[in-house]
Amino acid sequence: HLGSVIAYFTSAKFLLYLGHALSTWGDRMWHFAVSVFLVELYGNSLLLTAVYGLVVAGSVLLLGALIGDWVDKNSRLKVAQTSLVVQNSSVILCGVILMIIFLFKTQLLTLYHGWLLTLCYILVITIANIANLASTATAITIQRDWIVVVAGEDRSKLADMNATIRRIDQLTNILAPMAVGQIMTFGSPMIGCGFISGWNLMSMCVEYLLLWKVYQKTPTLAHKSAKVEASELKQLNVKKESDVKPAEGVQLIIEKDVTAFEPQQEKEVSCAARIAEPFITFRDGWVAYYNQPVFLAGMGLAFLYMTVLGFDCITTGYAYTQGLSGSVLSLLMGASAVTGIMGTVAFTWLRRKCGLIRTGLISGVAQFACLILCAISVFMPGSPMDLTVSPFADISARLFENEPLPTIASPEPEMIFATGMPNLLNGSIAPANSDPEMSPEPVPLISVSLLFAGVIAARVGLWSFDLTVTQLLQENVIESERGIINGVQNSMNYLLDLLHFIMVILAPNPEAFGLLVLISVSFVAMGHIMYFRFAQKSLGKQLFVCHTPDPKAAPDSSPPGNTSTV
């Protein structure tokens, strides 16, 4: 019994989990802290944070395919170790620069009319962006490639490993920001920088060792497919009359892969060809993604990123305007983490009972049903939705009329400091300068309660659906293209995420938030319709016939005619 416990804790699977937990913990701490640091440095303005978010999203959008292509073209160990070292070194360097800025900010402001400080800000955002790109490469290689090889041909084991990885993500999403937040609160931002830099230095050494141990324990990781295998050719050569265009595209990919690894002849490469190469790779990556049998499933997942119905800064900001306190919000975030973990459990159970593709369908229906509550909340008492109010009325009032802001969301800062924060616990938001007897009725919490009930309940379906699409990509994308296809998938996710931020910029006031909720629910519905179309193509008349599949064969996890295994 003790031997089996020791065997588990020394297995490649557990070491992979441990490495991922360390990596994700450092990642989450840094992502939380860098936003706070940038706000702190720029005089409590969100400008630097917004620029950082835009740069990160734009970089992954443009470079996702190139990062994936680099992952495909190099050995697994080299890719994992290089991305690990680049990511952690960038965070350490960023931490050191931020500490210097915090220490010498007043001196930096006077040097060269403040241009030196501006240069430091640009440097921090650039290096932080490099860290994020390296983190993207790490996620692609470990979560989309190494995990598939470690699981072998056992798809049930792969499903369990995917679910465990997501549970680790859920826990670190909540615990890591809490930990670094306490350090910054009871210490200082500078101590926070020092702690994160020290953590990343230690974590990098441990993760490097863990990667090496996993690589040693899994000999198949050393063998990376350099050409299209026979089984993979079978997978790609599936040709249906109803789907001629993708089949033609797939044939092009086969030709590209077969010829790409023929013995290279010594020849001069022109300067123009070198310059054009990244653009060709970018184009080939997106074409290959479009021609994947699981293209519609991947697009369905990407569409779920075009939403304000999550626990990001936008939704939490709206919650504050509606009378929820910080303590209540932290409890709601904890509840969302619990339902997210429930989603990973539901995924493994449903997959065993109904197969992989049907699991995605059931998860989609569950998520959408919960989000109907969010749509209903828009029309309930307490909802501030009023499309007659100009989205930029508060800004124009500030800039041109010198009047107090017209929305209940934003009392004047000096009023807040003079009278204390609005009463956030009982859901009332009264004008700070008004007589208590003349205060308006408390804002009913029915609307915001329904909104968060829907968001939290929908996490079960969301994470189960996310795991379904992740495993579909793992099982149906050929080994030699895993990097580039998952790189493009990341780019698609970031593109829709970027669109959701642009949507909020165009309608930033609480009165328009209801409209954003309805648009978000519509995009989620469109995503699930795409997935339904994929499932219909894959399973045909068997779509609604639920049976217990053979866990090894998982016959319904691939499009029809696909006889390959992982």
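The values are calculated or read from the model by the stated rules, or taken from the named source; none is laboratory data. Since the model is a prediction, treat every value here as computed from it, not as a measurement. Methodologically, a virtual Cβ is constructed for each residue, glycine included, from the backbone with ideal geometry; neighbour enumeration extends over all protein chains shown. Ligands, DNA and RNA are excluded from the accessible area calculation, which covers all protein heavy atoms including side chains. Shrake-Rupley method; radii C 1.70, N 1.55, O 1.52, S 1.80 Å.
Below is a table of values for the structure above.
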| item | result |
| --- | --- |
| Enumeration of residues in the range 39-53 that are in contact (Cβ under 8 Å) with a residue 24 or more places away in the chain, part of a helix (DSSP H, G or I), open to solvent by 50 Å² or more (accessible area, probe 1.4 Å) and not β-branched (Val, Ile, Thr) | GLU40 |
| Any hit, the range 84-101, residues being of a type outside the set (A, V, I, L, M), at pLDDT 90 or above, farther than 19 Å from PRO177 by Cβ and more than 21 Å from the chain's Cα centre (by Cα) | yes |
| Subset tally (residues that are buried (at least 23 other Cβ atoms within 10 Å of the Cβ) and either assigned to a loop (DSSP other than H, G, I, E, B) or among the small types (Gly, Ala, Ser) (or both)) for the range 475-504 | 4 |
| Test: residue in the range 148-160 that is in a helix (DSSP H, G or I), in contact with a Pro (Cβ under 9 Å, 6 or more places away or on another chain) and surrounded by 21 or more Cβ atoms within 10 Å (Cβ to Cβ) | yes |
| Filter result for the condition that a residue is more than 25 Å from GLY187 (Cα to Cα), outside the structural domain of VAL504 (by the TED database), among the β-branched types (Val, Ile, Thr) and in contact (Cβ under 8 Å) with a residue 12 or more places away in the chain, over VAL124, VAL36, VAL85 | VAL85 |
| Options GLY364, GLY323; residue that is buried (at least 21 other Cβ atoms within 10 Å of the Cβ), in contact with a Phe, Trp or Tyr (Cβ under 6 Å, 6 or more places away or on another chain) and either in contact (Cβ under 8 Å) with a residue 12 or more places away in the chain or of a type in the set (Asp, Glu) (or both) | GLY364 |
| Tally of residues being open to solvent by 80 Å² or more (accessible area, probe 1.4 Å), part of a helix (DSSP H, G or I) and free of Cβ contacts under 8 Å to residues at least 24 places away in the same chain across the range 266-305 | 6 |
| Hits in the range 135-160 (condition: of a type in the set (A, V, I, L, M, F, W, C) and touching a Leu at 6+ places or on another chain (Cβ under 8 Å)) | ILE142, TRP146, ILE147, VAL148, VAL149, VAL150, ALA151, ALA159 |
